[in-house]
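Colleague: Here it is, the structure in full.
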Amino acid sequence: MNEDGAHFPPVDPLKTGLRGCCPRCGNGKLFNGLLTLKPRCAACGLDYAFADAGDGPAVFVILIVGFVVIGSVLWLEVNYSPPIWLHILLFAPLTIILSLLALRWCKGILIAMQCRHNAREGRLSRD
C-alpha cells in the first residue's frame, strides 16, 4: 500500500525508465519535454518531488557514449584513415544524438529505481 491508500502492482524499473513512464503505475509520463520532470503523474497522481537523479545519469552517459564513439573513431581511423572533416561530420552528430537519448533513458531508469527502493536523501537522526 502507498501513503494514499491505493495499491499498484510493481512495474519493471528498466522498462518504465526506458519508456519515460511513471515509476509507480507505469502509465503516466515522467518527462515534460526532453529531460524536464513533470510535477506529478497524470494517471496515478504520484508527486515526483522525491525524484533526484543528480549527476548519476550524466556519468553513465559519458562513460558509455564515450566508449562507443571513441571506439568507432579508432576503428574507422585504423581501417580507412579518412580525413579529419569526415570524422567530425560523422561523429559530432552521433555523439550529440546518443548523449541526449541515453541521458533521458538513464535518468528515467535511475528515478524508477529510486522510487522502487524508496531511496531518499540521507539524514542524520537527532534524538
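Colleague: To test your reading of the geometry: what angle, between 0 and 90 degrees and rounded to tens, separates the Cα axis of helix 84-116 from the longest principal axis of the chain?
Modeller: The helix 84-116 is inclined about 20 degrees to the chain.
Colleague: Another question, if that's okay. Evaluate the relative contact order of the chain (contact order divided by residue number), counting alpha-carbon pairs under 8 angstrom at least 6 apart; express in whole percent.
Modeller: So the answer I get is 34 percent.
Colleague: For the chain, what is the mean residue ellipticity at 222 nm derived from helices alone (per DSSP H run of n ≥ 4: -39500 (n - 2.57); sum divided by total residues; nearest 500 deg cm²/dmol)?
Modeller: -18000 deg cm²/dmol
Colleague: Another one. Helix 56-80 versus the longest principal axis of the chain: what angle, 0 to 90°, nearest 10, using Cα atoms?
Modeller: 20
Colleague: Further question: Report the Cα centroid-to-centroid distance between the stretch 4-76 and the stretch 85-99 in angstrom, as an integer.
Modeller: 24
Colleague: With no solvent and one point on each alpha carbon, what is the Debye value of log10 I(q)/I(0) for the chain at q = 0.16 Å⁻¹?
Modeller: Here the Debye-derived log intensity ratios amount to -0.81.
Colleague: I'd like to know how the stretch 21-62 sits against the 2.2 N^0.38 Å rule of thumb: what's its Cα Rg over that expected value?
Modeller: 1.22
Colleague: In what sequence do HIS87, HIS117 fall when counting other Cβ within 10 Å, fewest first?
Modeller: The order, fewest Cβ neighbours first, is HIS117, HIS87.
Colleague: Pairing rule first: another cysteine's C-beta must sit under 4.7 Å. Under that rule, which cysteines of the chain stay single?
Modeller: CYS21, CYS106, CYS115
None of the figures in this text is laboratory data; all of them are computed from the coordinates on show. Just so it is clear, the model here is predicted, and its values are computed rather than measured. Using ideal geometry, Cβ is built from the backbone for each residue, glycine included, and neighbour counts are taken over all protein chains shown.
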